[in-house]
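Below is one structure, written out as structure tokens; comments come after it.
The values are calculated or read from the model by the stated rules, or taken from the named source; none is laboratory data. Everything numeric in this text was worked out from a predicted model, so none of it was measured. Quick reminder, even Gly has a Cβ in these numbers, built from the backbone with ideal geometry, and neighbours come from all protein chains shown. When the accessible area is computed, the model is the full protein with side chains, heavy atoms only, and any ligands, DNA or RNA have been set aside. Shrake-Rupley method; radii C 1.70, N 1.55, O 1.52, S 1.80 Å.
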Amino acid sequence: MSHTIQNDLISALAATVSDQIRDEIQDAPFFGWQVDETTDISCCAQLSVIVHYVDSAGKIQERFIGFFDVSGGRDAQSVFEILNENMQGYNFKDKLVAQTYDGAAAKVKAIAPSAMFVHCYAHRLNLVLSQGAKCLPECRIFFASLSGFATFFSKSTKRTSFLESARCSRLPRNAPTRWNFTSRIVSTVANNYDGILQTFENIIADTTMDDDTLDCAKGFVRKLEDFEFVFMLYTYEQIFSETDVVFDIVQQRAMDVLYCKNRIESLLAFVKEKSSLALLAIERTLVKSLEKTPSWYDRVTDHFLEKERRAEFTFK
């Protein structure tokens, strides 16, 4: 059987399944869809579409409609045009009651008035974390350095063997749009801090290592011994320990809305508390370092106490 005939048979099967899904949706009183953009291994951007509906037997069905090429544009207008073109056969203008994605919601609702849109709370949490970090150059540098750790070991099995000999966990790769994946590398580095530092020192001491590896290893040692990096590492470890819990909760199919609301409020309170404690810790660390140089201590203290919010601050 030639590959052409094989492809024709696969296409015929796909068309039959699509027709069956379309007929079931036509019989259903309403349906919802879930749309998400992804990039495949060939770097081609595709839009995946999944529909949810109740069949004639009263059972909830979830069906995959297909992938649609969005390489030409991934903005809201482009997504809307692709959906409008490819979903006409499903009578979505009259039957669509729920939609979830990040974009095109308003445009779809303009022609499908019953299509209620609920933004994915897990995605919103990802956006808050990523956009919040992007506002601070120090945070951008910190996460870029963390990504460099994983890349360094992934490029060589010899480097990885040093990591394994120190009984350290393998460093997971970072995912820029999935911050629950970022928390994994933060947790791994924090929990294996001493072992990773020793691993880099062993690599530097190894006489068989090439110049590029030695240069990178020295840079990572300096990074691991840098106060700002260590402060960021353990600060984000505490933050992610809370956000990961909330992330898992809001992704569950069966959830208690009130419980989710309480956990989100608890997370906000936790972050506010930690930000206040972090500021106090930084100020006291600065003061202790300045005490070693009295002249600078006096001058900086004068400027420090000029700030109204620090007027009652006492150095101990």
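Descriptive notes on the structure:
- Heavy-atom accessible area ranking, 1.4 Å probe, most first, across K155, K109: K155, K109
- Under 5 Å from the amide H of A115 lies no amide H of any residue 5 or more positions distant or on a separate chain, with H modelled from the backbone and absent for Pro and chain starts.
- Projected label points at V271 and I249, each 7 Å from Cα along the beta carbon direction, are separated by 1.4 nanometres.
- Mean Cβ neighbour count within 10 Å, used as a protection proxy, ranking 210-220, 10-20 highest first: 210-220, 10-20
- Loop chymotrypsin sites (Phe, Trp or Tyr not before Pro), the stretch 227-268, which have at most 16 other Cβ atoms in a 10 Å radius of their Cβ (DSSP): none
- Per-residue 3J(HN,Hα) values for the stretch 91-98, derived from phi via the Karplus relation 6.51 cos²θ - 1.76 cosθ + 1.60 with θ = phi - 60°, read 6, 5, 4, 9, 10, 6, 10, 8 Hz in sequence order (x marks Gly and Pro).
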